[in-house]
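Shown next, in structure tokens, is the structure this report addresses.
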Amino acid sequence: MGGGDVVFILSVVALIILILDGKRRIKKRALALQPAAVEPTQDRAALPHESTSLPNQTDNQINPPVPALPVAALAHVLPTQSGSRIGPSLLIKGKVNSGESLAIHGTIEGSVTAKEHGVTVAASGRVSQSIEARVISVAGSVTGRLIATDQAILLASARVNGSVDAKRLKCESGAWLKVAVGATSH
């Protein structure tokens, strides 16, 4: 076996290790984004027919259980390998134009445009003004206009105040909305 053969074999082994490590990291990231199972507690809201038996319970004491995100929804929450990420400590004031998918974990005070790509606003993300993209997925807070040429997905933790214009709209139970909704035919 010559020196070239040894280098080739070591290169193949290194490539396999890199691929396996990448898959491990993706699984780890997906597990980290899944909410923990909710244990039943005494603070849980009573059913409507049981509300008369709890006279001291007020609206601010109700802690409804948080449903787990379906696997399909996690795909929209996870940042893509080929996209960009705005970290949680970043504050951007102004316009953001992206030629690739974008995951927002920080704050943007201005407009976000990624016309042919997806934009994800993570639970820690905040955007105030507008987002225009092919697919918009919101788990955080958006104040302003959402323009999705394909689909807008509002996850259970989403807080949206403004307007949503989308060809298709998916809104999970628990999302807080104060919006005008328009259907586009892009």
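Quick note: the coordinates plus some simple rules give every number you see, no bench work behind them. Since the model is a prediction, treat every value here as computed from it, not as a measurement. Ideal geometry is used to build each Cβ from the backbone, glycine not excepted, and the neighbour counts take in all protein chains shown.
Only a single criterion out of (1) in contact (Cβ under 8 Å) with a residue 40 or more places away in the chain; (2) within 19 Å of A180 (Cα to Cα) is not satisfied by T120, namely (2).
Looking at the stretch 90-102 only, could you name the residues that are within 20 Å of V160 (Cα to Cα) and buried (at least 21 other Cβ atoms within 10 Å of the Cβ)? Within the stretch 90-102, L102 is the sole residue that qualifies. Scanning the stretch 143-157 for residues that are out of contact with any Gly (no Cβ under 7 Å at 6 or more places or on another chain) and β-branched (V, I, T) yields I147, T149, I153.
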